[in-house]
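What follows is a short report on a single structure.
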Amino acid sequence: MSAPTGTTVGEILSANLLYHASLKQEIEWLFLETLGWSRHQLITDLDYVLAPGERDQILSRLERLVKGEPLAYILGHQDFYKYRFIVSSAVLIPRADTELVVETALDYLRGRRIEGTEIQLADLGTGSGCIGLSLLMDLPKSRLWACDVSLAALEVFRKNAKALGLEGRVLDSNSDVSGNLFENIYDTIVSNPPYIARGDERLQDSVRQFEPALALFADHDGLSFYEAWIPWSFKALRESGAIVFEFGEGQGEAVLKIAQLAGFKKWTLKKDLSGKDRVLLAIKE
Ligand SMILES: C[S@@+](CC[C@H](N)C(=O)[O-])C[C@H]1O[C@@H](n2cnc3c(N)ncnc32)[C@H](O)[C@@H]1O
């Protein structure tokens, strides 16, 4: 896509809104983020003539957007819970539903009134680190062990830990969870493992095309990571410790059964914003 020099914001904006009305929100957000503008400016400064660098950047970003690439990858970041996370195509884009994992873990830990003591956390399949690092931000005395089998994902995690000033409180491991043997160490283990059954046709095209397969798919109808990571977590937890695991639509009963078989005696299923079971909190007595 090319445009003559002297192009205004209004010209590019209106041409794109005309042809891609369904992307209105994303297109406007792309302008705001690229120019560092407020929403008010996007209404009042439509005659602003873009500098060549600004124009080229907006046009190349728009081209990626209309080809279906998620805005978070184009901008390189995504807001999650109370914080902003760097993302790349090596990590899953943090989802609003996953904030329930953070909130559930915080409620549980605050209910145990151990906030003043040093809390040991683990985040399995950490990706961008959005879950574990959000917990560290809100629990000043906590420490986190995070693992991911993808080195490219772990590099994004490290950038986020640094950007949030948390480097001194994290340890990470570029490995599968089960390659690490821990017993009676953690107060809470959080995870949003890959849980999409291979061949699930409900998956959105843009997710399948742009997000890393390693972050999405699991064997055994999407349950294989729960089968491996929940029994591992039971051993790794201290007494009265808890797991907080996200799962996919319709998987609640199966995931709960895996937790019961692993030895958990107390549990709660939490619902997401659309009223569907989404998160398992299970406590080791
Ligand atoms: C669904 S993503 C979740 C990422 C992040 N926690 C979030 O909620 O946005 C799952 C993550 O698990 C990682 N993963 C996949 N297989 C793994 C394995 N065997 N061991 C450790 N991590 C793994 C993927 O690389 C991916 O980053």
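The values are calculated or read from the model by the stated rules, or taken from the named source; none is laboratory data. On a predicted model such as this, the values are computed, not experimentally measured, just so you know. For neighbour counting, all protein chains shown are included, and Cβ atoms are generated from backbone atoms with ideal geometry for every residue, glycine included. Remember, those area values only see protein heavy atoms, side chains included, never the ligands or the DNA or RNA. Shrake-Rupley method; radii C 1.70, N 1.55, O 1.52, S 1.80 Å.
At a glance:
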item: Zero-based 5 Å bins, Cα pair distances in region 144-285, whole percents; result: 2, 9, 17, 20, 20, 17, 11, 4, 0
item: Cross-link pairs Lys159/Lys265; Lys82/Lys266; Lys141/Lys276; Lys24/Lys270 - those with Cα-Cα distance over 31 Å; result: Lys159/Lys265; Lys141/Lys276; Lys24/Lys270
item: The chain, relative contact order in percent, only Cα pairs under 8 angstrom and at least six apart counted; result: 14
item: Separation of the Asp79 and Gln209 label points, Cα + 7 Å toward Cβ, nm; result: 2.7
item: Using alpha-carbon coordinates, inclination of helix 9-19 to the longest axis of the chain, degrees; result: 70
item: Sites Gln57 and Arg95 - FRET efficiency at Förster radius 25 Å, r taken between beta-carbons, to 0.05; result: 0.40
item: Proximal aspartates and glutamates to Lys284, defined as alpha-carbon separation beneath 15 angstrom and excluding residues fewer than eight positions away on the same chain; result: Glu183, Asp187, Glu239
item: Size of electric dipole in the chain: Cβ of Lys, Arg +1 and of Asp, Glu -1, about Cα centre, debye, nearest 20; result: 680
item: Label-point gap, in nm, between Ser240 and Lys265 - each point 7 angstrom along Cα→Cβ; result: 1.5
item: Estimated FRET transfer efficiency when R0 is 45 angstrom, pair Ser38-His220 (beta carbons, to 0.05); result: 0.40
item: Relative contact order computed over region 140-214 (Cα-Cα under 8 Å; 6+ residues apart), in percent; result: 31
item: Accessible-area composition of region 1-119, carbon plus sulfur, in percent [1.4 Å probe]; result: 52
item: Sum of side-chain charges, Arg202 neighbourhood, beta-carbon under 14 Å (Lys, Arg +1; Asp, Glu -1); result: -2
item: Overall Cα dimensions of region 168-208 - principal axes, largest extent first, Å; result: 40, 23, 20
item: Length added when fully stretched, Arg198-Lys162, from 0.36 nm per residue minus Cα-Cα; result: 9.5 nm
item: Candidates Ala215, Ala15, Ala242, ranked by Gaussian network fluctuation over the chain, Cα under 10 Å, top entry; result: Ala15
item: Asp107 versus Tyr19: modelled label distance in nm, points set 7 Å from Cα along the beta carbon direction; result: 4.7
item: Within a Gaussian network of the chain (alpha carbon springs, distance under 10 Å), most fluctuating of Val156, Val101, Val49; result: Val49
item: Euclidean distance of C-alpha centroids, region 1-53 and region 240-255, integer Å; result: 43
item: Whole-angstrom Cα spans of the chain along principal axes, big to small; result: 67, 42, 33
